[in-house]
1. Quick one: order T126, T195 by neighbouring beta-carbon count within 10 Å, fewest to most.
2. For segment 99-267, just the Cα atoms, rotate onto the principal axes and tell me the three extents in Å, largest first.
3. Exposure proxy check: V148, V107 ranked by fewest other beta carbons within 10 Å?
4. Note down the net charge around Q164, summing +1 for each Lys or Arg and -1 for each Asp or Glu among other residues with Cβ under 14 Å from its Cβ.
5. Output ³J(HN,Hα) for segment 166-172: one whole-Hz value per residue in order, computed from phi by the Karplus curve 6.51 cos²θ - 1.76 cosθ + 1.60 with θ = phi - 60°, and x for Gly and Pro.
6. Within 12 Å, Cβ to Cβ, of L235, how many net charges do the neighbouring residues add up to if Lys/Arg are +1 and Asp/Glu are -1?
7. Which entries of K142/K268; K150/K186; K178/K200 have Cα-Cα distances beyond 26 Å here?
8. Sort 108-115, 161-168 for me by packing, meaning the mean count of neighbouring Cβ atoms within 10 Å per residue, highest on top.
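Computed from the coordinates by the stated procedures, all read-outs in this text should not be read as laboratory data. The structure displayed is predicted, hence computed values, not measured ones. Quick reminder, even Gly has a Cβ in these numbers, built from the backbone with ideal geometry, and neighbours come from all protein chains shown.
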Amino acid sequence: MTDEPDPNEAAKPRSVVRRGARKLDNNDSLLGFVRRMRRRLPGDEDFGDPLSTARFGHLAVANQQWTEMTENRPGVVRELGRGALQVWQSVLETRGQDHGDVELTVVFTDLVNFSTWALSAGDDETLRLLRDVATAIEPPVKRRGGVVVKRLGDGMMATFGSPQAAFEAVVEANTNLKSVTAKGYKPRIRAGMHTGNPRKLGGDYLGIDVNIAARVAQKATAGEILASQSTVALLDPETVTTRRKRAFALMRAKGVPDELEIFALTPK
């Protein structure tokens, strides 16, 4: 009688390989080496973080899928994959595939401290507030020729053909919000604007200019409107007061300045 192979014995080599792979993936020294190597690669060395130039669009989708495949582990394999996407991003930028042909002002807004309040407010109150906020901030966008590209939970992304129209829309939105109330929360938005040539993809936009606008918005405080120098240069000085806020370093990516000057805007 022929002896049947023991399935447990056959599985042992695979188990050893898996344990070895996990150990290698979680090796701190190797992980540090890979991250240092990413700094030498072209593109955004912080690819994958919330402020990366690939926060939106096809590269963001690829990064999300890769992160899910690596089970959200901050390991060597995930860093290697992000490094490959980082180089891919740089190649697209070099070829001009991350820019469009039409100059637009990209605006991002979001509600300050909304997430903390929403945790205790409940779904009904949260949805009511979001509807009221949308009613307050979206009509000014449309009246000035802007387009709401997408709603981002408690925020939105919009595009305008005119930086002045973008500024005036945000100012009116802030004024409208003064009449919006919620139990235990006073809604206030922060906004960021950047003018460039975002690449259109279907009904969305992507590219460096989109991500710069998002990054500028994240630097704003409650009720504040921030804009990059490319937007400020096109505003009417008779109607807008600008104050240089500071320069902050962006990411290493082709076409992005090493430091970006941002300005706080207020109506005269």
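1. Numbers: T126 19, T195 25.
Ordered from fewest to most neighbouring Cβ atoms within 10 Å, T126, T195 come out as T126, T195.
2. The principal-axis extents, from largest down, are 44, 36, 31 Å.
3. Values: V148 15, V107 31.
Result, fewest neighbours first: V148, V107.
4. On the way: positive: R143, R144, K268; negative: E103, E168, E172, D236, E238.
Once positives and negatives cancel, what remains is -2.
5. My calculation for segment 166-172 gives 4, 4, 5, 5, 5, 4, 5 Hz in order.
6. Numbers: positive: K268; negative: E168, D236, E238.
Local charge sum for L235: -2.
7. Numbers: K142/K268 23 Å; K150/K186 23 Å; K178/K200 34 Å.
Correct reply: K178/K200.
8. Values: 108-115: 19.6, 161-168: 21.4.
For the peptides 108-115, 161-168, the packing ranking is 161-168, 108-115.
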